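A short reminder: the numbers here are calculations on the coordinates, not readings from a lab. This is a predicted model, so every value here is computed, not measured. Neighbour counts run over all protein chains shown; Cβ positions are idealised from the backbone, glycine included.
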Amino acid sequence: MVSSEAAPLAKTGGLADVVGSLPSALRALGDEAAVVIPRYASIDLKNARRVYDRLAIHFGPAQYDISIYQAPGEFPLYLVDCPALYERKGFYGELGVDYPDNHIRFAVLARAALTVARFLFRTEVFHCHDWQAGLVPAYLRTTFATDPTFLGVKTLFTIHNLGYQGLFPKPALPEVGLDAGVYRPGGMEFFGRISYIKGGIEFADALSTVSPTYAREIQTPEYGFGLDRALLARADVLTGILNGADYREWNPETDPLIPARYSTDDLSGKQTCKRQLIEEFGLPADAIQGPLIGMVSRFTRQKGADILAEVAGEIVAEGMCLVALGTGDPEYEDFFLRMAAEYPGRIAVRIGFDNALAHRIEAGADLFLMPSRYEPCGLNQMYSLRYGTVPVVRATGGLDDTIEEETGFKFAEYSGEALLEAVRSAAKVFADQDAWRAMMRRGMAQDFSWGTSAARYSALYRQLLAGPGVNPLAGKIF
Ligand code: ADP
Ligand code: GLC
């Protein structure tokens, strides 16, 4: 697997959770999986082993010297060390601005992954995640098309989020040693620029995304971010495989990060978690009586802060409180900071990334709100179910696939009004504590563990390997 994130070492969102857990689930099924990610400044190499030293990657006259480390763990996790490119404060940028050399940073990641496959981990399938890994299929179809090491090797490209595409100006092509021939509509050209995500979409042998509904949605103009036609053209190789939840980390019965543990049989610990969460966020003690809404989210356009802000006043007027944790675009962080300033003692916000606090919110809230504009899969709603924290979600992508009438509240239209109505319905059920606890328990009994999804990936890898080969010279199926 090639990815820009893997939990717990490098995480900004759900991609990291997936890449951090899926390899173990695959191993449990008898498959071997290894992961390649960049070694960012925040990753300590103290316990890692250097497994490949000083390898030069050449893009025309430019040279990037990398070393490869292996981190200890359940599966081989290879860290690509190249201080000039990765030893920085952020993964992708700082203060909302992307690093100007991201095209090079993630081209080097792709080339390093090919090196890992050549020397360290015999690879039959490259499973590439999101635009940051999009150049792996592109190099395999061009620069390395006739390299005997990669004959018969297959690629699966998984889209976790179509909204991030890796777009760069055309002159970036020679800077990453890519064949000029890829610059065409059926290749990596996208409205006059180069698109790394198209490297995956056009050149991978198979495509997947992280829920069946999102797989359908991205083939429509409304959700396609300009790529719907390209995806429609490849619909025959595109599948939706729902993400799993790693219950070793997200389970209120065993979670060491929450103040009190609880289960379906004994929910009393949840009340302790709620009380402490209210205190931690500085809300008045009487907030314990009404429904407490929790949010943990990247604060971006995707996640629905704008429609929430429209109705925040009405929500608190209903006697509900909201605690939110997130970080992201300054514009969307502001939405939350303004709501907190406007409704002190009712809405409280923490800006930042804090995994332990994310667990405490999952455990301490009554409702978990995800009013997403779009949501490829979403993991927090699955975690919420397990914590008896009833999800209120917009019916889109994976949210629609994982939440049912019996386990949560869904609304269809992307509007403040629709959101408010769903929250009000939840408050009504909350008022009847027996009905509420029954709903919590139904959610807690749901099983979204990785086994089923990992088996689907495993079957897909096998299907790829059994399928027709691609003659790289002709670029046609033979
Ligand atoms: P996305 O990948 O779009 O951000 P997901 O719901 O798939 O959404 O996954 C988000 C993951 O990142 C969850 O594990 C969530 O708990 C975590 N997360 C998001 N923001 C924060 C934050 N500010 N602090 C801690 N964890 C966060
Ligand atoms: C993306 C999506 C999210 C998904 C995650 C992992 O960041 O926004 O919906 O759960 O990737 O696949």
Taking only pairs six or more apart or across chains, which ones have beta-carbon atoms under 7 Å, a first residue in segment 358-377 that is within 19 Å of GLY282 (Cβ to Cβ), and a second residue that is within 15 Å of ligand 2 (Cβ to nearest atom) and outside any loop (DSSP other than H, G, I, E, B)? ALA358/VAL296; ILE361/VAL296
Looking only at segment 163-175, which residues are touching a residue at least 40 places away in the same chain (Cβ under 8 Å) and over 26 Å from the mean Cα position of the chain (by Cα)? ALA172, PRO174, GLU175
So which residues in segment 25-58 are of a type in the set (Ser, Thr, Tyr) and either surrounded by fewer than 16 Cβ atoms within 10 Å (Cβ to Cβ) or within 16 Å of ligand 2 (Cβ to nearest atom) (or both)? SER42
Candidates PHE335, PHE281, PHE299, filtered to the one that is aromatic (Phe, Trp, Tyr) and within 16 Å of ligand 2 (Cβ to nearest atom): PHE299
Counting only helices (runs of 4 or more DSSP H) wholly inside segment 320-405, the ones holding at least 3 residues that are β-branched (Val, Ile, Thr) and away from ligand 1 (no atom under 14 Å from the Cβ) are none
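When segment 17-51 is examined, which residues are found to be of a type in the set (Gly, Ala, Ser), touching a strand residue (DSSP E or B) at 6+ places or on another chain (Cβ under 6 Å) and within 16 Å of ligand 1 (Cβ to nearest atom)?
GLY20
Kindly state which strands (runs of 3 or more DSSP E) lie completely within segment 135-236 and contain at least 1 residues that are of a type in the set (Gly, Ala, Ser) and within 16 Å of ligand 2 (Cβ to nearest atom).
206-209
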Check PHE225 against each of (1) out of contact with any Leu (no Cβ under 8 Å at 6 or more places or on another chain); (2) touching a residue at least 40 places away in the same chain (Cβ under 8 Å); (3) within 16 Å of ligand 1 (Cβ to nearest atom) and name the one condition it does not meet. (1)
Considering only residues that are aromatic (Phe, Trp, Tyr) and under 18 Å from LEU357 (Cα atoms), look in segment 218-273 and name the one that is surrounded by the fewest Cβ atoms within 10 Å (Cβ to Cβ). TYR247
